[in-house]
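S.K.: Below is one structure. I have some questions about it.
The values are calculated or read from the model by the stated rules, or taken from the named source; none is laboratory data. The structure presented is a predicted model; accordingly, all values stated were derived computationally and were not measured. Cβ placement follows ideal geometry from the backbone for every residue including glycine, while neighbour counts extend to all protein chains displayed. When the accessible area is computed, the model is the full protein with side chains, heavy atoms only, and any ligands, DNA or RNA have been set aside. Shrake-Rupley method; radii C 1.70, N 1.55, O 1.52, S 1.80 Å.
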Amino acid sequence: MENSANKITLRGELEQLPIFSHENHGKKFYRFTLVVPRLSGNVDTLPVIAEEQVLCSMDLTGGEMLTVTGQIRSHNYRQGGARHLLIFVFANSILCEDGEPINDVSVEGPLCKEPIYRRTPLGREICDVMLAVPRAFKRADYLPCILWGRTASEVSLCHTRDHIHISGRLQSRTYTKLTPEGTEERTAYEISALSAEISEDPI
């Protein structure tokens, strides 16, 4: 089912063959990683989960790249006594087709935390927000977003429950986490906003 408040389209290269993820209500789901180049030459390495039926219906004759359309989902889980937020792309359709890389995201929902505004040492404005994007059956996906420049300044004035529509891309970012066992390299996923519209009306 299409959710107009949560849409993503990716086109990139398959990093590895899909492997089994989990089974839910008799349906099997598989996960794989899609590598999507940026204009800068860097790449975003993005996790995708797809139902077995979606993978089986793929047309493999269109090219070597994959075009994935779907939604960005979140899942809370506990590990080692700490709570973690897992971000991934849930695929509604997958096509094999060559072309330019695509990373287009459109999400809308209320803020579930107060914005966090800061400036870099070079004076660049940054604002971090968390959107509660509605899903079916009164559920929501909690999606971290990062905004820049004037957009960051405008959204920093918002408050919890304000509705925001963000267009941008899903990016991956590696960082080093200090743990009791030492340092550990991890990957975070967030929506990098190209534009944002603030609305007082709920979706």
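S.K.: List the lysines whose Cα sits under 30 Å from the Cα of Lys138, skipping any in the same chain fewer than 8 residues away.
M.R.: Lys7, Lys27, Lys28, Lys113
S.K.: Further question: Roughly how many nanometres apart are two label points built 7 Å out from the Cα toward the Cβ at Ser199 and Asn76?
M.R.: 2.6 nm
S.K.: How do 61-67, 128-134 rank on mean C-beta neighbours within 10 Å, highest first?
M.R.: Numbers: 61-67: 15.1, 128-134: 21.6.
So the peptides 61-67, 128-134, ranked by packing, come out 128-134, 61-67.
S.K.: How high is the relative contact order of segment 1-155? Use alpha-carbon pairs under 8 Å, at least six apart in sequence, and give a whole percent. Kindly include the intermediate steps, with their values, before the conclusion.
M.R.: On the way: 343 pairs, mean separation 34.2, N = 155.
RCO, segment 1-155: 22 percent.
S.K.: Please get the size of the charge dipole for the chain, origin at its Cα centre, with Cβ charges of +1 on Lys and Arg and -1 on Asp and Glu, quoted in debye to the nearest 20.
M.R.: On the way: 22 positive and 27 negative charges, 153 e Å.
Here the chain has a charge dipole of around 740 debye.
S.K.: Here is a follow-up. Among rounded, prolate and oblate, which fits segment 91-203 when a ≥ b ≥ c are the square roots of the eigenvalues of its C-alpha gyration tensor, a/c under 1.5 means rounded, and a/b larger than b/c means prolate?
M.R.: Rounded, because the longest to shortest axis ratio a/c is under 1.5.
S.K.: Specify the inter-centroid distance of segment 55-76 and segment 1-50, based on alpha-carbon positions, in whole Å.
M.R.: Going from one Cα centre to the other spans 6 Å.
S.K.: Quick one: compute the contact order of segment 1-42, relative version, from alpha carbon pairs under 8 angstrom and 6+ residues apart, as a percent. Walk me through the intermediate numbers first.
M.R.: Working: 38 pairs, mean separation 15.4, N = 42.
Dividing the mean separation by the residue count of segment 1-42 yields 37 percent.
S.K.: Search the structure for amide H atoms under 5 Å from the amide H of Gly70, placed 1.01 Å from N in the peptide plane, and list their residues when 5 or more places away or on another chain.
M.R.: Answer set, sorted by chain and number: Ile8, Asn92.
S.K.: Using the alpha-carbon centroid of each, what span in Å lies between segment 158-176 and segment 92-137?
M.R.: 4 Å
S.K.: Tell me, what % of the accessible area of the chain is carbon and sulfur with a 1.4 angstrom probe? Don't skip to the answer; put the middle values down first.
M.R.: On the way: 6220 of 12300 Å².
Its accessible area is 51 percent carbon and sulfur atoms.
S.K.: Averaged per residue, what accessible surface does segment 44-92 expose to a 1.4 Å probe, in Å²? Don't jump to the answer; show the numbers that get you there.
M.R.: On the way: 2590 Å² over 49 residues.
Using a 1.4 Å probe on heavy atoms only, each residue of segment 44-92 averages 53 Å².
S.K.: Kindly write out, for segment 113-125 in residue order, the coupling ³J(HN,Hα) from the Karplus curve 6.51 cos²θ - 1.76 cosθ + 1.60 (θ = phi - 60°), rounded to whole Hz, with x marking Gly and Pro.
M.R.: For segment 113-125, the Karplus curve yields 9, 5, x, 10, 10, 7, 10, 6, x, 8, x, 6, 7 Hz.
S.K.: Separate question: Provide the percentage of antiparallel DSSP beta bridges, counting only those with both residues in the chain; round to the nearest 5.
M.R.: 95 percent
S.K.: Here's another thing I want to ask about it. Could you compute the FRET efficiency for Arg124 and Thr45, with r as their C-beta to C-beta distance and R0 at 41 Å, rounded to 0.05?
M.R.: On the way: r = 25 Å, r/R0 = 0.60.
Calculated value: 0.95.
S.K.: Take every DSSP beta bridge whose two residues both sit in segment 107-203, then give the antiparallel share in percent to the nearest 5. Provide the component values of the computation, followed by the final result.
M.R.: Values: 36 of 38 bridges.
The antiparallel proportion sits near 95 percent.
S.K.: Using the Cα gyration tensor of segment 15-138, with a ≥ b ≥ c the square roots of its eigenvalues, what is the shape: rounded (a/c below 1.5), prolate (a/b larger than b/c) or oblate (neither)?
M.R.: Values: a/c = 2.04, a/b = 1.31, b/c = 1.56.
Judged from the Cα gyration tensor, segment 15-138 comes out oblate (a/c at least 1.5, b/c at or above a/b).
S.K.: Another question, if that's okay. Each residue of segment 182-191 in order: what ³J(HN,Hα) in whole Hz does its phi give by Karplus 6.51 cos²θ - 1.76 cosθ + 1.60, θ = phi - 60°, with x for Gly and Pro?
M.R.: In residue order, the calculated couplings are x, 8, 9, 8, 10, 10, 10, 10, 8, 8 Hz.
S.K.: Just to be sure I understand: with springs between alpha-carbon atoms less than 10 Å apart, which residue in Ser57, Ser172, Ser106 has the highest mean-square fluctuation in the Gaussian network model of the chain?
M.R.: Ser57
S.K.: Quick check: from the Cα gyration tensor, does segment 1-47 come out rounded (a/c under 1.5), prolate or oblate?
M.R.: Values: a/c = 3.88, a/b = 1.43, b/c = 2.72.
Oblate, since a/c reaches 1.5 and b/c is not below a/b.
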